[in-house]
Amino acid sequence: MGIFNRKQKRAGQALSVLPRHIAIIMDGNGRWARKRSLPRTAGHSVGAETFRRIASYCRKLGVEYLTVYAFSTENWKRSKEEVSSIMSLLRRYLMEAIDSMEREQVRIKILGDTSVLDEDLRELIDRTEAISGTIHTKTQANLCINYGGRAEIIHAVKAWMGDKGAPELTEETLANYLYTAGMPDPDLVIRPSGEIRISNFLLWQSAYSEFYFTDTLWPDFDERELDRALEAYARRDRRFGGVKG
Ligand code: IPE
Ligand code: IPE
Ligand code: MG
C-alpha cells in the first residue's frame, strides 16, 4: 500500500484532496534508454509497462480519470522507425487491454485525431472503446494519441460550427465539443523527466490545474512517485482566482 493510501486510512480527511482527474505527460523514455545504451524503443516499451502499473494504482486509489499523453501531433517529426515502433506498442497494448480490461476494471478511451492512424489500429481502438462501454467501474484511463491541445480546440470549434442545433458559443459549450466532453478538468498535471513545459497538452482543460514536475524519467516512475505528487497536491491551496481564509 502506498504512502498516500496509508495516510488516507489514518486521516480520512486526506481523501477529500484526492484528485478526481490526474493527467500525465509520459516523458523521458528516450533518455532512459540512452542512459542504458539501449535503443529509444526499449524506453517506450518499459514506459508502456509503467502506464499499466500507474493506471492500476489509480484504480486502487479511486481516481476517476487518468489522462496520459502517449503521442502528440508533433511526434510525427520523429524518425519513421521510432513512430512505427510506438504505433506497434500501442497495438500490442490495446490487444492486451481488450483481454484484460474487465479484470483490471479500468475503462479506456482514446483522445486525439485517430482518423489518420492505420486501419487496424483504428479497429483496435473501436473494439477497446466498445468493451469499455460495458464496464461499470469508477476509473477511466484516457490515452492521448495524435493529440494536440491546439488541434483539439480547432476540432471543437469546427464541430460546433457544423452542428446546426448547437447552443451559443460559451466556455461550457466549447468544452462539450472537446475530446474530454463530460469529464472534469484535470486537477493535477504531472510531467516527469525534468522538462518544465506543457508541450501542447490539455491547453484548455489545464487552465486551473496544479502542476507537478519531477526529474524521474517516465520508465522509472512508480507508485511511490505518484504518492509524492499526490502529497504535494494535497498541500496546494487552490483558489481559482478567488480569495481564501
Ligand atoms: C515520451 O518519451 C514518449 C513520447 C513522446 C512518444 P520521449 O521519447 O520524448 O523521451 P525523451 O524525452 O526523448 O527522453
Ligand atoms: C510530449 O513529450 C509528448 C508526449 C509525452 C507524448 P515530447 O518529448 O514530445 O515533448 P518536447 O518535445 O520535449 O516538448
Ligand atoms: Mg520527450
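Think of each Lys and Arg Cβ as +1 and each Asp and Glu Cβ as -1; about the Cα centre, that makes the dipole of region 189-245 roughly 460 debye. Rounded to the nearest whole angstrom, the semi-axes of the ellipsoid equivalent to region 137-203, taken from the Cα gyration tensor as √(5λ), stand at 25, 15, 11, largest first. With r defined as the distance between the Cβ atoms of GLU49 and VAL243 and R0 fixed at 51 Å, what FRET efficiency is calculated, to the nearest 0.05? The value I calculate is 0.70.
In the elastic network of the chain, a GNM with C-alpha springs shorter than 10 Å, the most mobile of PHE71, PHE213, PHE51 is PHE213.
Could you work out the relative contact order of region 111-199? I mean the mean sequence separation of Cα pairs under 8 Å and 6+ apart, divided by the number of residues, in percent. After rounding, I find 31 percent. As a rough guide to protection, the peptides 191-202, 22-33, 125-136 ranked by mean Cβ packing within 10 Å, highest first, stand as 22-33, 191-202, 125-136. When only alpha carbons of the chain are considered, Rg and Dmax amount to 18.1, 56 Å. Relative contact order, whole percent, for region 91-245 stands at 18, derived from Cα pairs under 8 Å and 6 or more residues apart.
Among the listed pairs LYS77/LYS109; LYS80/LYS164; LYS35/LYS77, a Cα-Cα separation exceeding 30 Å is found for LYS80/LYS164.
Quick note: the coordinates plus some simple rules give every number you see, no bench work behind them. Remember, it's a predicted structure, so these values are computed and weren't measured experimentally. So basically every Cβ, Gly included, is an ideal-geometry build from the backbone, and we count neighbours across all protein chains shown.
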